[in-house]
Structure formats: structure tokens, C-alpha cells
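Chemist: Handing you a structure now.
The values are calculated or read from the model by the stated rules, or taken from the named source; none is laboratory data. Given the structure is predicted, the values throughout are model-derived calculations rather than measurements. Note that each Cβ is placed from the backbone with ideal geometry, even for glycine, and that neighbours are counted across all protein chains shown. For accessibility, only protein heavy atoms count, side chains too; no ligands or nucleic acids. Shrake-Rupley method; radii C 1.70, N 1.55, O 1.52, S 1.80 Å.
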Amino acid sequence: YYPIGIATDTAGNIYVADLDNSDIRKVTPGGSVSTLAGSAGNAGTLDGQGGSALFNHPAAVSLDAAGNVYVMDTSNQTVREISPGGAVTTLAGTPGIGGRADGAGAAASFFYPGGIAATASGALYIADTGNHLIRAMTSPGVVTTLAGSSGQKGSTDGTGSQALFAYPYGIASDGSGHLYVADSGNKTIREVTAAGAVSTLAGPPGVLAAGVDGVGSAARFSGPAGTAADGSGNVFVADAGNSTIRKITPGGIVTTFAGVADSAGSSDGTGAAARFNAPNGIAVDAVGNVYVADT
């Protein structure tokens with residue numbers, strides 16, 4: 001019911017943030033769907049095992065190398081963890097209380113965060129959408145601000161607080177210390193280094209257009225919502241407003257990978273023969289298959 005965030009593990013399983021069911025689902029390579037944690041249609045904020053835990057409109061999921069699933073529990077404004085055994089705990093934030101404070105555990109606060117990315121080193125990165133920030137959790141539960149200026153919207157490139165975002169949503173790690181952010185309010189894709197240096201990879205800030213392909217700022221997006229990076233340096237974008245999947249090469253060349261701009265639908269097919277309807281979540285597995293939450 002509005003699947004919105006998606007991630008994969010090394011065994012080929014898919015994990016889904018099922019927004020309006022307020023639960024986390026698991027899809028096996030054979031297509032078998034089960035509820036990993038949460039109770040369908042019952043929003044809440046309870047830690048616990050599997051179905052006894054409660055979420056409130058989770059928007060994103062990501063996995064680490066050990067198989068832990070990290071959940072951006074958006075309406076609770078918290079970061080949650082699901083262990084491989086299905087135990088759910090709250091790592092950071094206070095349920096239902098928004099803010100922009102750095103700190104450990106419940107002392108940290110977020111404002112309707114939309115994206116989360118786990119890295120091989122165990123660090124977590126958060127697209128704190130309502131605060132226009134990129135946050136980091138490099139120690140368990142300890143939250144710091146990596147880039148952006150609290151509560152200030154903008155499109156400026158720079159390092160740390162000198163950089164500005166506008167409603168950053170999807171976030172992905174390429175495994176080599178670089179983050180890719182769907183800066184939805186700016187309609188651009190931004191790159192962030194581990195040191196907090198922000199640059200614009202594709203799209204001109206604030207320019208809305210129907211899926212124009214091109215290089216760097218010549219490309220156009222409409223409501224980019226999700227990002228994913230493969231092992232070759234390509235970035236895939238769920239361009240929700242255009243109902244397409246876009247691909248950005250390491251050289252900044254943007255093409256439409258699947259779907260047709262402004263032509264929503266549900267057809268399977270190859271490339272332009274396929275149709276999507278406001279896709280939000282996107283993930284790439286180890287062999288380069290792209291998975292889409294067609295929201």
C-alpha cells in the first residue's frame with residue numbers, strides 16, 4: 001500500500017518500506033512476500049520482535065553487510081534497526097518529536113526524514129528532508145550533521161554548512177565514500193563526499209522539465225525521489241514526477257533507462273516500452289539488476 005523505499009541483500013532478497021501499511025516487507029528471489037516487522041495498517045512506535053513492533057509510515061530502508069535492516073521511520077521521526085532475527089530497536093530520535101539537534105539516541109532529532117543509506121563501514125547517512133540536511137551516524141546512535149544548514153533551503157554547492165539543499169529525499173552510497181542525494185525540491189542530483197563536500201551532479205536547480213536527457217546541468221528531472229549506485233559508478237534515479245528511471249554515468253551523462261516521461265502506466269517491457277507510475281524507491285543488486293518500488 002504505497003511501497004516507497006526498497007533495498008536488496010546479497011542473497012537476492014528485497015526489503016520494502018510499505019508506507020501506508022506502516023510495515024517492512026520482504027520479497028524472496030522467488031517472489032514470496034512476507035511481513036518482516038510491523039503490523040499492517042497499525043501505525044505506532046513500539047520496539048519489539050517482528051509483528052509486535054510498530055512503525056509509523058516508514059519511507060526508506062537500507063541494509064548493512066551483517067544483514068541488519070535500517071528503517072527511516074518517517075512519521076515517528078526516528079531511525080530504527082531490525083536485526084537479522086527480526087528484533088526492532090530505535091537507534092536515534094524521539095518518536096513523534098521533530099527537531100534538528102545532533103546528539104546520541106533520543107537526544108538527536110529529525111524533521112520528517114525521507115532517506116537512509118548504510119555503508120560497508122557501518123556508518124548510516126540520513127536525508128533529513130524537512131530540515132534540508134544530510135546527517136551522519138558513524139557511531140551507534142550518535143547523530144551529526146554532515147552537510148546543509150539547519151532549516152535553510154537553497155542549492156549552493158560547498159562543504160558542510162556552506163552547502164544548501166531543498167527537501168533532500170532519496171540517498172545512496174556507492175561503497176567508496178560518496179553519497180548521491182535526490183534533492184527533490186531543487187530537482188537535482190547531488191553528490192556528497194565523506195568530508196561533507198557537496199556538488200551538483202545533474203540537473204539545474206529549480207528547473208522543472210519533462211525528462212530531458214543530457215550531460216550534467218543540461219539534464220532535467222521532475223521530483224527525483226530515489227537514488228541507487230552500482231559497482232561501476234553509475235547512479236540510477238527514480239524520477240517520480242516523470243514516472244521514469246534515469247541513469248547517470250560517471251561522466252554525468254543522463255539517459256532515460258526505462259519508461260517514458262509523463263507517460264504513467266504499469267506495462268512491463270524493455271526500455272521505453274515499460275511504464276511506471278510515480279516510482280519512488282530504487283536499488284541495485286551486486287550483478288547490476290535494478291529494483292523499483294513503483295509507488
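Chemist: Check the straight Cα-Cα distances from residue 153 and name the aspartates and glutamates below 18 Å, setting aside those fewer than 8 residues away within the same chain.
Modeler: Leaving aside aspartates and glutamates fewer than 8 places away in the same chain, those within reach of residue 153 are 128, 183, 191.
Chemist: Continuing with this model, one more query. Extension gain residue 65-residue 277, at 0.36 nm per residue separation less the Cα-Cα distance, in nm?
Modeler: 73.2 nm
Chemist: Return the long-range amide H neighbours of residue 5 (sequence gap of 5 or more, or a different chain), with a cut-off of under 5 Å between placed amide H atoms.
Modeler: For residue 5, whose amide H was placed from the backbone, the distant partners under 5 Å are 17, 19.
Chemist: Where the centre of each part is set by its Cα atoms, how far does the range 141-159 sit from the range 45-74, in angstrom?
Modeler: Answer, in whole Å: 24.
Chemist: Can you figure out the FRET efficiency of residue 209 with residue 144, using R₀ = 30 Å and their beta-carbon distance, to the nearest 0.05?
Modeler: Efficiency, from the Cβ-Cβ distance: 0.25.
Chemist: I'd like the carbon and sulfur percentage of the solvent accessible area for the range 1-98, probe radius 1.4 Å, heavy atoms only, ligands and nucleic acids excluded.
Modeler: About 54 percent, which is the carbon plus sulfur part of the accessible surface.
Chemist: Something else now. Among rounded, prolate and oblate, which fits the range 137-281 when a ≥ b ≥ c are the square roots of the eigenvalues of its C-alpha gyration tensor, a/c under 1.5 means rounded, and a/b larger than b/c means prolate?
Modeler: Since a/c reaches 1.5 and a/b is larger than b/c, the shape of the range 137-281 is classed as prolate.
Chemist: Also: If r is the Cβ-Cβ distance from residue 152 to residue 232 and R0 is 35 Å, what FRET efficiency results, to the nearest 0.05?
Modeler: E between residue 152 and residue 232, to the nearest 0.05, is 0.50.
Chemist: Separate question: Rounded to the nearest whole Å², what accessible area per residue is found for the chain with the 1.4 Å probe?
Modeler: Normalised by residue count, the accessible surface of the chain is 37 Å².
Chemist: Same structure again: From the phi of every residue in the range 239-248, what ³J(HN,Hα) in whole Hz does the Karplus formula 6.51 cos²θ - 1.76 cosθ + 1.60 yield, where θ is phi - 60° and glycine or proline is x?
Modeler: 8, 4, x, 9, 6, 9, 10, 10, 10, 10
Chemist: Follow-up. Using the Cα gyration tensor of the chain, with a ≥ b ≥ c the square roots of its eigenvalues, what is the shape: rounded (a/c below 1.5), prolate (a/b larger than b/c) or oblate (neither)?
Modeler: Judged from the Cα gyration tensor, the chain comes out oblate (a/c at least 1.5, b/c at or above a/b).
Chemist: Tally up the carbon and sulfur contribution to the accessible surface of the range 168-265 as a whole percent, 1.4 Å probe, everything protein left in place.
Modeler: Taking all protein chains in place, the range 168-265 shows 55 percent carbon and sulfur surface.
Chemist: Is the shape of the range 196-288 best called rounded, prolate or oblate, per the rule: a/c under 1.5 gives rounded, else a/b larger than b/c gives prolate, else oblate, with a ≥ b ≥ c the square roots of the Cα gyration tensor eigenvalues?
Modeler: It comes out oblate by the Cα gyration axes.
Chemist: First select every other residue whose beta carbon is under 10 angstrom from the beta carbon of residue 286; then total the charges, Lys and Arg +1, Asp and Glu -1.
Modeler: After counting each charged neighbour, the total is -3.
Chemist: Please compute the net charge surrounding residue 29, taking Lys and Arg as +1 and Asp and Glu as -1 over other residues with Cβ under 12 Å from its Cβ.
Modeler: With Lys, Arg at +1 and Asp, Glu at -1, the net is -1.
Chemist: Set the Förster distance to 30 Å, then compute FRET efficiency between residue 289 and residue 262 from the Cβ-Cβ distance, nearest 0.05.
Modeler: The value I calculate is 0.70.
Chemist: Among 61, 83, 111, whose Cα lies farthest out toward the positive end of the dipole of the chain, if unit charges sit on the beta carbon of Lys, Arg (+1) and Asp, Glu (-1)?
Modeler: My answer, from the dipole projection, is 111.
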